[in-house]
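J.: One structure follows; several queries about it will come next.
Any read-out appearing in this document is the output of simple, stated calculations on the displayed coordinates, not a laboratory observation. All of these numbers come straight from a predicted model, not from anything done at the bench. Cβ sites come from the backbone with ideal geometry, for glycine too, and all protein chains shown count toward neighbours.
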Amino acid sequence: MLKGLVSVVTGSASGLGRATVERIVREGGRAVICDLPTSQGAKVAEEIGDSVIFVPTDVSSASDVENALAACKDKFGRLDVAVNCAGIGIAVKTYNHNKKLSHSFEDFMRVQTVNLGGTFNVIRLASALIAENEPNTDGQRGVIINTASVAAFDGQIGQAAYSASKGGIVGMTLPIARDLAPVGIRICTIAPGLFKTPLLMSLPEKVQNFLAKTVPFPQRLGDPDEYAMMVQAIITNPMMNGETIRVDGAIRMQP
């Protein structure tokens, strides 16, 4: 289904990003693993094999992303798909009355810079490389997929920064789809619920079990490959454009 497609996947040394790279490769595609220099990206690339390369990348750095795209073109000759999975999160109340402490503005902006700014940074630069492709019979040259979160809609206590960043990703999806339509590039966003990511799996088993029971159906945490399945569905369905899709087992996060 994805045979011959070349992708760049950010945040792909673990979690949803790694599952996406593994699925793309299983389906016959190739990928650039983009993650921080401190990540396990090199080890993951070695484990997956010759269909991937690892390029250390901070998505909030223009030069890092440009370097990753240059490496993609040099190694694979083109770029068809960009998937944005890189992101960070913090849990801080806007104002903590007990500690008489306001949310750090610097921390708030750091989350926006990485999650929202980093996503846009990859979109704007990847678009230029994808636009070099010859269009297919539909006029399509490639696809971009972003990762938001159910927190974009159901942000919990302490998630002001994270929810704002993910809500921004949702909000810019349609206008970017309109911007890129004349170029033949589609863009969609996935808003995952509770998935078995390294962050969630680091929690005590009792907490994991509790969280799983908050998902209406199926009553469990999502498997990262189920996120990757949605990535594949978006890539292969030419009418998917400008939309945000929740993949969450019908969960609605409580305060």
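J.: Report the full-extension gain for the segment Ser63 to Asp50: residue separation times 0.36 nm, less the Cα-Cα distance, to one decimal in nm.
T.: Numbers: separation 13, 0.36 × 13 = 4.68 nm, distance 2.52 nm.
Difference between extended and current length: 2.2 nm.
J.: Also, quick follow-up: Please give the charge dipole size of segment 79-227, origin at the Cα centre, charges +1 on K and R Cβ atoms and -1 on D and E Cβ atoms. Round to the nearest 20 debye.
T.: On the way: 13 positive and 12 negative charges, 146 e Å.
In debye, rounded to 20, segment 79-227 gives about 700.
J.: Also: Once you charge only the Cβ atoms, +1 for Lys and Arg and -1 for Asp and Glu, what is the size of the charge dipole of segment 36-89 about its Cα centre, to the nearest 20 debye? Provide the component values of the computation, followed by the final result.
T.: Values: 4 positive and 8 negative charges, 15 e Å.
Computed charge dipole of segment 36-89: roughly 80 debye.
J.: Give the angle, between 0 and 90 degrees and rounded to the nearest 10, that separates the Cα long axis of helix 160-180 from the longest principal axis of the Cα atoms of the chain.
T.: The answer is roughly 30 degrees.
J.: Is there a quick way to get the dipole size of the chain? I mean about its Cα centre, with the Cβ of Lys and Arg at +1 and of Asp and Glu at -1; what is the value in debye to the nearest 20? Show your work: numbers first, answer last.
T.: Working: 24 positive and 24 negative charges, 144 e Å.
It comes to approximately 700 debye.
J.: With the contact rule set at Cα under 8 Å and sequence spacing of 6 or more, what percent relative contact order holds for the chain? Mind dumping the intermediate values first?
T.: Numbers: 506 pairs, mean separation 49.5, N = 255.
Relative contact order of the chain: 19 percent.
J.: When a footprinting reagent is the concern and you count Cβ atoms within 10 Å, what order do Cys34, Cys72 take, fewest first? Don't jump to the answer; show the numbers that get you there.
T.: Numbers: Cys34 35, Cys72 24.
With the sparsest Cβ surroundings first, the list reads Cys72, Cys34.
J.: Oh, and also: What does the highest-first list of 110-119, 12-21, 134-143 look like by mean Cβ count within 10 Å? Don't skip to the answer; put the middle values down first.
T.: On the way: 110-119: 21.2, 12-21: 26.3, 134-143: 14.9.
Highest-to-lowest ranking by the protection proxy: 12-21, 110-119, 134-143.
J.: Something else: Positive end of the dipole of the chain, charges at C-beta (+1 Lys, Arg; -1 Asp, Glu), about the Cα centre: which of Leu5, Thr236, Met109 has its Cα farthest in that direction?
T.: Met109
J.: Hey, another quick one. By how many degrees, between 0 and 90 and to the nearest 10, does the Cα long axis of helix 224-236 differ from the longest principal axis of the chain?
T.: So the helix axis and the longest Cα principal axis differ by about 40 degrees.
J.: Here's something else I'd like to know. Which percent, nearest 5, of DSSP beta bridges in the chain are antiparallel?
T.: On the way: 2 of 31 bridges.
Approximately 5 percent, going by the DSSP bridge assignments.
J.: Please report the spacing between the Cα centers of segment 81-106 and segment 1-49 in Å, no decimals.
T.: Here the answer is 28 Å between Cα centres.
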